[in-house]
Structures are given as structure tokens and as C-alpha cells.
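Input: a single structure, listed below in C-alpha cells.
Since every read-out is calculated from the coordinates, none of them should be taken as a lab result. In this text, all values refer to a predicted model and were calculated from it rather than measured experimentally. Note that we place each Cβ from the backbone using ideal geometry, even for glycine, and neighbour counts take in every protein chain shown.
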Amino acid sequence: MSKRIRLLFVVVFTVLSVGCESFTGGGWIVSKSGAPAKANFGFNLSCTNDGQGGVVVSGSVEYQDKGWLVTGADLMTRTLSLHATLDPLTLTTTCENLDALEQFLFGQSNVYFLSYVPQPPSVGPGGVVLIQPIDNGKAGPDSTDTLNIAVSTGAYSGYTNTGTLQGGNINLALP
């Protein structure tokens, strides 16, 4: 997929899928390959009012599945590792409209689409990753918080993992 098409895909789906919440989090869930391997993550995702009737969406994610092995374009086998970003994007809509559209299209909230780069980049081409953090309300380390991740394109296309946190915390901050 060309870089322009991938960027357009990320922008369009971000416009359609992000509500006005901010999430921070870090910790680990069980690897896609199963216990005892871990999938570690850290992120900062936000959608905030810009003070002029619009919203600004941005964020970054680090994710490593220490139990999931991939063979890259360089023919080396290593564990899955990616860095994903969503450069600040200003949209001319309200948080309420984005939240309503997200619920209508996906039947769920807090879905972020980001552009990722495999780590190291020699693994192969980057692509699009979906991240859905779920904060179940408890402050501090919380084993009821959940992280969903799905990679739709690029070197890690088809990778998915969902799990409740085994360590760490996801924190939701509303505007």
C-alpha cells in the first residue's frame, strides 16, 4: 500500500472512530502465543477540544509481544515489536459528534487507528494498527482493564491480541 493511501486510510478512520477522551497506560497482557510470555505496551492517546469548535487527535503507542515470533523481510526471526503514531490532527467537529459517530459505526468506543513502523524497520513495511484501551474505573494497577490490538496492514498484518491487564494500568481522562 502506498504511503499516501495508508496516510489517507489513517486520517479517514481516525476522523470516524475517535471520541474525545484521553488515555494513558502501560503494562502487560498475555502474549498471543499464550502464557507465560508477555505482550508489553505503553501509550498516550488523546482527543481534546481545540477551543475553537474543533478537536485535536494525537497519540503514540509502543507494543512488544515477547512470545510472538515473526520473520521479517530481512529473513531474521525476532519477536513482534512496533512503534505507532498519530500525528496531531485537527478536525472541525465536536467531541459529542465524534462519540456518537463512533458508537453508530463500531458499536463501541475508544477505538484509535494509528500508523505503525515495525521495530527494527528492517522487518518490513509499516501499516495501520487499531488500539482499543478499556479503563474499567479502578485507580492504580487494575487487572480488570483491557487492551485490544489488531494490525490490518504491513509486516504484521493479521496480528491480533486481546487481554485483561496482568500488570499495569489504563487511565481514562474525560474532557
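Quickly rank 47-54, 61-68 as a protection proxy: mean count of other C-beta atoms within 10 Å, highest first. List each step's numbers first, then the result.
Details: 47-54: 12.9, 61-68: 19.9.
Descending packing order for the listed peptides: 61-68, 47-54.
Separation between the Asn171 and Asn49 pseudo-spin-labels, each 7 Å from Cα along Cα→Cβ, expressed in nm?
Spacing of the two 7 Å Cα→Cβ label points: 2.2 nm.
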